[in-house]
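Beneath this line is the structure, given in C-alpha cells, with notes to follow.
Each value in this text was obtained by applying a stated rule to the coordinates, not by laboratory testing. What you see is a predicted model, and the numbers here were worked out from it, not measured in a lab. Note: ideal-geometry Cβ built from the backbone for every residue, glycine included; neighbour counts use all protein chains shown.
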Amino acid sequence: MFAAVGCGGSGCNMAERLSTLSDVDIFTVNTDHRSLVRSRSGERILIGNVEGCSGNVKKGRSCAMKARKVIREKLKPYSDVVIMTGLGGGTGTGGLPVIAKMAKKNGSNVISVVTLPLSFEKERMEVSKNAVRIIRKFSDSLIVLDGSRIETIDPGLSVDETLRALNEMVCVSVVRMISLSWKEKGMFTIGVAEHTEPTESALISYENLMFDHSATKPEGTILYLEGILRSTDRNEVKEVCASIGFEPQMICERTSSKKAVTVMFTPVCDQTFG
C-alpha cells in the first residue's frame, strides 16, 4: 500500500496536485502552520512550533527530528512511501531525509522525488546538492528533476509557470510509479511528453529529460507509454529509441487518451553528486 508525503511548501503544493490525480493516501508535512491549514488534501502534520524555517535547513531538520516518532507511526501501515519536495528551502531540505529514514525504519520501500532550484538560485543549488547526497542514503529510489532544464526547454516561462510545470511532472511521474508498483533502485530523472504519434512522444520525452543528458546513462531506462495504441507502436518506439542509442524496458497501457503519453525514467550517474 502506497502513501505520498509532501514536505515543505513546495512538497505540500505537489501533494495538493497529486490528490486530484490519484486516490493514494496523502500526508502534508510543514513547519508553517498558516500554509499547512490552507492545504485541502490528506492528513496534515505540523512539525515544530514555528512559522516556517525561512530557508534554514538545520531548523527544518530539527523540527522533523522532534516529530520523528509521530511521522514514523503515521507511515507504519504503508509498504511503499513516496516523499516529495523542492530542495533549497528549510523544511523540505531538512525534513525529507528524516521522513525517509523513519519510513526505512518501518521497512518501507522509500521513493524520494525532489526538484532542484532554478539556475539563478546558486546558493540554494549548493544546499540542494548536499541534501541529495544525504537523501540517497535513506531512499531505495531517488527521482531528481533539475529546474534549470525547464528554462532551457521552454525559456519563455515565468518563474511561477516553471515551478507549476515542475510540480506537474513530479505528480505525473508519481502516479505512474504507483501504478507500476515501483521497486527500482538507484537515482533516476524523468522526461514527460504527449504527442499524437507514440514515436514522437518517446523522442520528445528523451529530449525533455529533466537532467543534463551527459550525466544520464541509457542502460536501465524504463519507458511508460499509454494511449490508443496500435499493435505496431511498441516495436516502432523501440526502433526509434535504438536509433538514438538505447533500448528501454517498455511498459505499454491502452487508454482512451487520443494522444500518446510517455513518461521516461532514465538512470542518473551515481557520481553526479559525489
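On full extension, the segment bounded by ARG234 and LYS66 gains 55.5 nm, given 0.36 nm per residue less the C-alpha separation. Note on LYS259: lysines with a C-alpha under 20 Å away, same-chain residues under 8 apart excluded, are LYS238. Total lysine pairs in segment 38-104 at Cα distances under 19 Å, for residues eight or more apart or on different chains: 15. With each label modelled as a point 7 angstrom along the Cα→C-beta vector, the LYS105-HIS33 pair spans 2.6 nm.
All other residues whose Cβ lies under 15 angstrom from that of LYS259 are scored, Lys and Arg at +1 and Asp and Glu at -1, for a net of -3. Extension gain for SER214 to GLU200 (0.36 nm times residue separation, less C-alpha to C-alpha distance): 2.9 nm.
For LYS185, the aspartates and glutamates whose Cα falls under 12 Å of its own Cα, not counting residues fewer than eight places away in the same chain, are ASP140, ASP270.
Starting from the Cα-Cα distance between ILE244 and LYS122, subtract it from 0.36 nm times their residue separation and give me the gain in nm to one decimal.
Going from the current span to full extension adds 40.6 nm.
Computed from the Cβ-Cβ distance with R0 of 35 Å, the FRET efficiency linking ILE153 to ARG40 stands at 0.70.
Distance between the modelled labels on SER22 and LYS129, one decimal in nanometres: 3.0 nm (7 Å Cα→Cβ projection).
Labels on offer are (i) 1.08; (ii) 0.97; (iii) 1.00, and the one holding Rg/Rh (Cα atoms, Kirkwood Rh) computed from this structure is (ii). Taking springs between alpha-carbon atoms closer than 10 angstrom, which of LEU46, LEU180, LEU223 fluctuates most in the Gaussian network model of the chain? Of LEU46, LEU180, LEU223, the Gaussian network model singles out LEU180 as fluctuating most.
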